[in-house]
Amino acid sequence: MRIEVIKREENLLEFYLEGEDHTFANLLNEVLHENEHVKFAGYTIEHPILMARKPRFKVVTDGKVKPEEVLEEAAQKIFDRARVLLDAWKKALE
(Lines give C-alpha, C1' and ligand atoms only; values in the text may rest on other atoms or scores of the structure.)
Protein backbone atom coordinates (compact mmCIF):
# COMPACT_ATOMS: atom_id res chain seq x y z
CA MET A 1 0.00 0.00 0.00
CA ARG A 2 1.23 3.45 -0.89
CA ILE A 3 -0.48 6.83 -0.46
CA GLU A 4 0.02 9.46 -3.15
CA VAL A 5 -1.31 12.86 -2.08
CA ILE A 6 -3.02 14.75 -4.90
CA LYS A 7 -4.36 17.78 -3.05
CA ARG A 8 -4.01 18.97 0.53
CA GLU A 9 -5.84 21.93 2.04
CA GLU A 10 -6.88 22.86 5.58
CA ASN A 11 -9.93 20.62 5.69
CA LEU A 12 -9.60 18.67 2.42
CA LEU A 13 -7.35 15.82 1.38
CA GLU A 14 -7.36 13.97 -1.92
CA PHE A 15 -5.09 10.99 -2.43
CA TYR A 16 -4.57 7.75 -4.29
CA LEU A 17 -4.43 4.56 -2.24
CA GLU A 18 -2.14 2.52 -4.48
CA GLY A 19 -2.22 -1.25 -4.23
CA GLU A 20 -5.76 -1.49 -2.86
CA ASP A 21 -9.14 -2.09 -4.44
CA HIS A 22 -12.81 -1.86 -3.47
CA THR A 23 -12.36 -4.29 -0.57
CA PHE A 24 -10.16 -2.06 1.57
CA ALA A 25 -11.43 1.20 0.06
CA ASN A 26 -15.01 0.41 1.15
CA LEU A 27 -13.85 -0.48 4.64
CA LEU A 28 -11.85 2.73 5.00
CA ASN A 29 -14.72 4.78 3.62
CA GLU A 30 -17.21 3.27 6.09
CA VAL A 31 -14.93 3.86 9.08
CA LEU A 32 -14.27 7.46 7.98
CA HIS A 33 -18.02 8.08 7.96
CA GLU A 34 -18.19 7.09 11.65
CA ASN A 35 -16.26 10.25 12.56
CA GLU A 36 -18.52 13.21 13.38
CA HIS A 37 -15.99 15.67 11.93
CA VAL A 38 -16.07 14.09 8.47
CA LYS A 39 -18.39 16.04 6.21
CA PHE A 40 -17.55 14.02 3.10
CA ALA A 41 -15.58 10.87 2.42
CA GLY A 42 -15.65 8.93 -0.78
CA TYR A 43 -13.58 7.25 -3.40
CA THR A 44 -13.67 6.35 -7.03
CA ILE A 45 -11.70 4.07 -9.27
CA GLU A 46 -11.13 6.23 -12.30
CA HIS A 47 -10.64 3.45 -14.86
CA PRO A 48 -11.71 -0.11 -14.01
CA ILE A 49 -8.88 -1.74 -15.95
CA LEU A 50 -5.97 0.69 -15.86
CA MET A 51 -6.48 1.92 -12.30
CA ALA A 52 -8.25 -1.05 -10.69
CA ARG A 53 -5.83 -1.04 -7.75
CA LYS A 54 -5.57 2.72 -7.26
CA PRO A 55 -8.70 4.19 -5.62
CA ARG A 56 -8.84 7.98 -5.50
CA PHE A 57 -10.10 9.24 -2.13
CA LYS A 58 -11.47 12.60 -1.10
CA VAL A 59 -11.93 13.45 2.58
CA VAL A 60 -13.43 16.74 3.80
CA THR A 61 -13.73 17.62 7.48
CA ASP A 62 -15.62 20.33 9.32
CA GLY A 63 -12.35 22.18 9.96
CA LYS A 64 -12.18 21.30 13.66
CA VAL A 65 -9.75 18.50 12.83
CA LYS A 66 -7.51 17.90 9.84
CA PRO A 67 -8.25 15.14 7.32
CA GLU A 68 -4.93 13.51 8.21
CA GLU A 69 -6.15 13.14 11.80
CA VAL A 70 -9.39 11.41 10.82
CA LEU A 71 -7.42 9.09 8.53
CA GLU A 72 -5.09 8.15 11.39
CA GLU A 73 -8.08 7.50 13.64
CA ALA A 74 -9.77 5.38 10.96
CA ALA A 75 -6.60 3.34 10.40
CA GLN A 76 -6.33 2.69 14.13
CA LYS A 77 -10.00 1.61 14.32
CA ILE A 78 -9.49 -0.82 11.45
CA PHE A 79 -6.39 -2.24 13.15
CA ASP A 80 -8.19 -2.59 16.49
CA ARG A 81 -11.17 -4.34 14.90
CA ALA A 82 -8.89 -6.73 13.05
CA ARG A 83 -7.15 -7.54 16.36
CA VAL A 84 -10.53 -8.32 18.00
CA LEU A 85 -11.41 -10.63 15.12
CA LEU A 86 -8.03 -12.38 15.31
CA ASP A 87 -8.36 -12.87 19.07
CA ALA A 88 -11.90 -14.27 18.68
CA TRP A 89 -10.70 -16.62 15.96
CA LYS A 90 -7.84 -17.89 18.10
CA LYS A 91 -10.20 -18.43 21.04
CA ALA A 92 -12.67 -20.33 18.84
CA LEU A 93 -9.89 -22.70 17.74
CA GLU A 94 -8.84 -23.56 21.30
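In this structure, is Glu34 under 13 Å from the mean Cα position of the chain (by Cα), part of a loop (DSSP other than H, G, I, E, B) and either surrounded by 13 or more Cβ atoms within 10 Å (Cβ to Cβ) or of a type outside the set (A, V, I, L, M) (or both)?
Against the criterion (under 13 Å from the mean Cα position of the chain (by Cα), part of a loop (DSSP other than H, G, I, E, B) and either surrounded by 13 or more Cβ atoms within 10 Å (Cβ to Cβ) or of a type outside the set (A, V, I, L, M) (or both)), Glu34 qualifies.
Residue check: is Val70 touching a helix residue (DSSP H, G or I) at 6+ places or on another chain (Cβ under 7 Å) and not in a strand (DSSP E or B)?
yes
Residues Ala41, Ala75: which one is at pLDDT 95 or above and in a helix (DSSP H, G or I)?
Testing whether each residue is at pLDDT 95 or above and in a helix (DSSP H, G or I) leaves just Ala75.
Checking Lys64 against (1) outside any loop (DSSP other than H, G, I, E, B); (2) over 14 Å from the mean Cα position of the chain (by Cα); (3) of a type in the set (D, E, K, R), which single condition isn't satisfied?
(1)
Being loosely packed, with under 13 Cβ neighbours inside 10 Å, over 10 Å from Arg53 (Cα atoms) and touching a residue at least 12 places away in the same chain (Cβ under 8 Å) is the filter here; which residues of segment 9-31 pass it?
Glu10
The values are calculated or read from the model by the stated rules, or taken from the named source; none is laboratory data. These figures come from a predicted structure and were not determined experimentally. Note: ideal-geometry Cβ built from the backbone for every residue, glycine included; neighbour counts use all protein chains shown.
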